Amino acid sequence: MSERAKFVGINHIALEVDDIDAALEFYGQLFEFELRGRHGTRMAFVDAGDQFIAFSAPRRQAGADESRHFGLVVDDKEAVRAALERGGVEILPGRGLDFRDPSGNLVQIVQYDEIQFTKTEPALRAWGSAASARARRRKGRCAKRACCERRRALYCPAMTDLRGNSTFAVANLPVITVVLTVVEAELKCSVVV
């Protein structure tokens, strides 16, 4: 056993907002999400894939965020852009899709197939996400495609599977993905169609 724990992901973020109901209404106009629960007017919990956002009120920081931000991954960035425009929300200048919520939090929207690491296909299917179909249409390229293509590598590190086993996609073809999974120090191979 290692002396240090391995950092494997983020479970949730706590986002301070001025008003819980206003935050839920604002974010609900931008995203489909499931409200996991709430504690009166002080906290609300919104599922985001296998993580969640904990909205917390009231916001204690005065003024709008300048550079501190958080990034949300979506399956359709252009749908968010359209919703922001319909709602009259200012899209900040730059090459990405950044905006401030009504509480002044700086939010960055990232398209799922443009992120550094992707989830496994079973995780995507479990979410019922359009990102699953989009990931299959990427013609076998991983999220680190520039690196993999530059090195002409046949492997691409993936994330862990739903049981925490290390999983590596070793050959992504348009229809079939060959996956090697390390389970209790034993290498197992599976084909995901």
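Counting only residues that are closer than 25 Å to S56 by Cα and over 18 Å from the mean Cα position of the chain (by Cα), how many does the stretch 79-104 have?
Final tally of qualifying residues: 13.
Are any residues in the stretch 25-59 in a helix (DSSP H, G or I) and among the charged types (D, E, K, R), and if so, which ones? Reasoning before the result, please.
First, the residues of the stretch 25-59 that are in a helix (DSSP H, G or I): 25-30.
Selection gives E25 alone.
Is it the case that the stretch 95-109 has a residue that's part of a helix (DSSP H, G or I), in contact with a Phe, Trp or Tyr (Cβ under 7 Å, 6 or more places away or on another chain) and either surrounded by 15 or more Cβ atoms within 10 Å (Cβ to Cβ) or modelled with pLDDT under 65 (or both)?
Going through the stretch 95-109, the residues part of a helix (DSSP H, G or I) turn out to be none.
Checked the stretch 95-109: no residue is part of a helix (DSSP H, G or I), in contact with a Phe, Trp or Tyr (Cβ under 7 Å, 6 or more places away or on another chain) and either surrounded by 15 or more Cβ atoms within 10 Å (Cβ to Cβ) or modelled with pLDDT under 65 (or both).
With respect to G63, determine if the residue is out of contact with any Ser or Thr (no Cβ under 7 Å at 6 or more places or on another chain), part of a helix (DSSP H, G or I) and farther than 17 Å from Q111 by Cβ.
no
Does A79 meet the test of being at pLDDT 95 or above and in contact with a helix residue (DSSP H, G or I) (Cβ under 6 Å, 6 or more places away or on another chain)? Full working, then the answer.
Numbers: at pLDDT 95 or above: yes; in contact with a helix residue (DSSP H, G or I) (Cβ under 6 Å, 6 or more places away or on another chain): no.
Judged against the criteria, A79 is not a match.
Take A22 and tell me if it is touching a residue at least 40 places away in the same chain (Cβ under 8 Å), of a type in the set (A, V, I, L, M), assigned to a loop (DSSP other than H, G, I, E, B) and in the same structural domain as G104 (by TED's automatic domain parsing). Spell out how you get there, then give the answer.
Values: touching a residue at least 40 places away in the same chain (Cβ under 8 Å): yes; of a type in the set (A, V, I, L, M): yes; assigned to a loop (DSSP other than H, G, I, E, B): no; in the same structural domain as G104 (by TED's automatic domain parsing): yes.
Spelling it out, it is not the case that A22 is touching a residue at least 40 places away in the same chain (Cβ under 8 Å), of a type in the set (A, V, I, L, M), assigned to a loop (DSSP other than H, G, I, E, B) and in the same structural domain as G104 (by TED's automatic domain parsing).
Can you tell me how many residues in the stretch 39-52 are modelled with pLDDT of 95 or more and touching a strand residue (DSSP E or B) at 6+ places or on another chain (Cβ under 6 Å)?
4
Can you give me the number of residues within the stretch 66-88 that are in a loop (DSSP other than H, G, I, E, B) and within 18 Å of A22 (Cβ to Cβ)?
Residues of the stretch 66-88 in a loop (DSSP other than H, G, I, E, B): 66-68, 75-76, 87-88.
When the remaining residues are screened for being within 18 Å of A22 (Cβ to Cβ), the result is 87-88.
Adding up the residues that qualify gives 2.
The values are calculated or read from the model by the stated rules, or taken from the named source; none is laboratory data. Every value quoted in this text rests on a predicted model; they were computed, and no experiment measured them. Counting neighbours? That spans all protein chains shown, and the Cβs are built from the backbone with ideal geometry, glycine included.
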